[in-house]
Amino acid sequence: MPGQPTPTRDHTPVLIEEFNGLWKRGDDESTPVDHFSDCNNIKYIQSGFQTRDGIDFYPKIFISDVARLYTFRRNNIESLIILDKNGKFYDTASPTPYVPILNIPGCPDFAFQEFNGRGYISPHDRKTGLQNEFVYVVMSDGITTPVVRKAGGNGPTPITGGMTAAISTNAGNVEPGYHVFGVVYETDTGFQTKIGNKVALNVTTKDKKITLTNIGISPDSFVKQRHIVASKAIDPTLWNGDLDGYQLYFVPNGEINDNTTTTLDVNFYDADLLEDAWGLLDTMESIPASVGLGVYHSRMLAWAQYGAPNVDPKLDTTGNKSRCLVSDPGIPESINSVDGLIVAPLDGLNLTNAQEYRDVLYLFKRTKTLSYTDNGDVPSSWPLVIIDEGLGCAIHGIATVIDSGGINIEYIMVLNAAGLFIFNGTFIRPEFSWKIKDFWFTLANAPFNTQNFDTLNVMQIYNDTIGQLIYINLPDGTMLMADYQMGGEYMQIRWAKWSFPINVTTITLIETTKLILGSDGAK
């Protein structure tokens, strides 16, 4: 019959109209006729396949021994933040892209989060944040030399003589009674420090301003503004001399828009003191290095900090490894050390990842998934629901969707020891990686290196929703590519392995769909 294969002796040819990629499930004989038990360096086209695209240097940036890289988007500028295996960090948009913006010797990996046009870097060892390290903020517009410093800032400390308060000769409205005054520094990122330089004054008149002198000056050049805070009038018969025991408020017109002025007259009625500064008493001056950074309800998240040294994780009662720090809304560096945290159940496992999805915050461990919901109160009060006690997520295991984090409208893609899953509040079975189950299990349980890093925590995943392609870098320096142009159901996914003349250690997407490979050298 025209158009049909011609049978030969003892053999009837099979016409394959569609090629559906790699199959690694069961023995080779179980491979369907429209799949291959091995295929490398191909990409899929309608009803067929062709050789994948080649690679080139981009954008002519030559940084060797790359350990991890991320895309940094801000102010219409897009660049790469790169960590090499010597602990040096680079920003490719810097006027001097080969000059490190940060140096942390021995740093093997880092987390990165863009927030309000700034970048935040957290060095970690793929288990927790590095000991004695911090979260750093990158202040860079790609034109001037990037400024990188610890996020947060130190509050005012007692200075020689201390701040003094006196009744002014100028007419005013400060009400009689004891008033406590203090100073708050504000940095160039909008972070407000702890309250310091406190002083008390017994106001004995009702028609004068208060003159503050010897107001603290910060030694940090990134402090751009200072604020005066004060208590309402305290009955002298109830005054106990405790400068820390009274509620303080921001004084109207009590801003000093520089870091040099040391004298200011303040004036207010008690009724004018509306903006509470009480929470600043417990503000963390710096954010300890964490294994991951994220965002939920306009709050920055930082999870899994270094715990007690030389202690079995199951015996570590500090909770640091199961702790997620949660910032104030819109102010990523402002974290309350008492109320601004979530401590997941202590079970010997570290937090590995976090993701907002449909107004719920999901926290992950290696084999556990938890959910927390913002109830309008402080983060420490958010209710917990245990979602899954068998499946969790790897440290870099939530698919980044171009430039919008891990959410792809209706689902999250989650990578764990059992495979790659679609998650929509629960893990969907069969898993996305069902076709390559045997390959995945061999990969997920393979030893990595002498430092015994978890293999899964090396892997990184990106979802190009425009090209409908998923990229995963593997610990052996190769990659997996999944094509879902034919649909997102597990049998419609077309897998392929990619290998290169370089050892791929990390990946990212830039310019929306362009795949960037980081390498520590040729194979």
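Every read-out reported here was derived from the displayed coordinates using simple, explicitly stated rules and does not represent laboratory data. Because the structure is predicted, anything quoted here is derived from the model rather than measured. Ideal geometry is used to build each Cβ from the backbone, glycine not excepted, and the neighbour counts take in all protein chains shown.
Note on LYS206: aspartates and glutamates with a C-alpha under 12 Å away, same-chain residues under 8 apart excluded, are GLU175, ASP270. Trypsin sites (Lys or Arg not before Pro), restricted to the stretch 325-431: which are DSSP loop and have at most 11 other Cβ atoms within 10 Å? Listed in order of number, the matching sites are ARG358. Projection of the Cα convex hull of the chain, averaged over all directions and equal to a quarter of that hull's surface, yields 30.5 nm².
With the cut-off at under 19 Å, measuring from each backbone N in the stretch 475-513 to a point 7 Å along the Cα-to-Cβ line of ASN424 picks out 484-493. Between THR157 and LYS514, the FRET efficiency estimated from the beta carbon spacing at R0 = 56 angstrom works out to 0.70.
Checked against a 18 Å cut-off, the cross-linked pairs LYS208/LYS232; LYS24/LYS437; LYS43/LYS437 give Cα-Cα distances beyond that limit for LYS43/LYS437. Exposure proxy ranking for LYS85, LYS206, based on other Cβ atoms within 10 angstrom of each Cβ and starting from the fewest, stands as LYS206, LYS85. Between GLU29 and THR204, residue separation times 0.36 nm minus the direct Cα-Cα distance comes to 53.5 nm.
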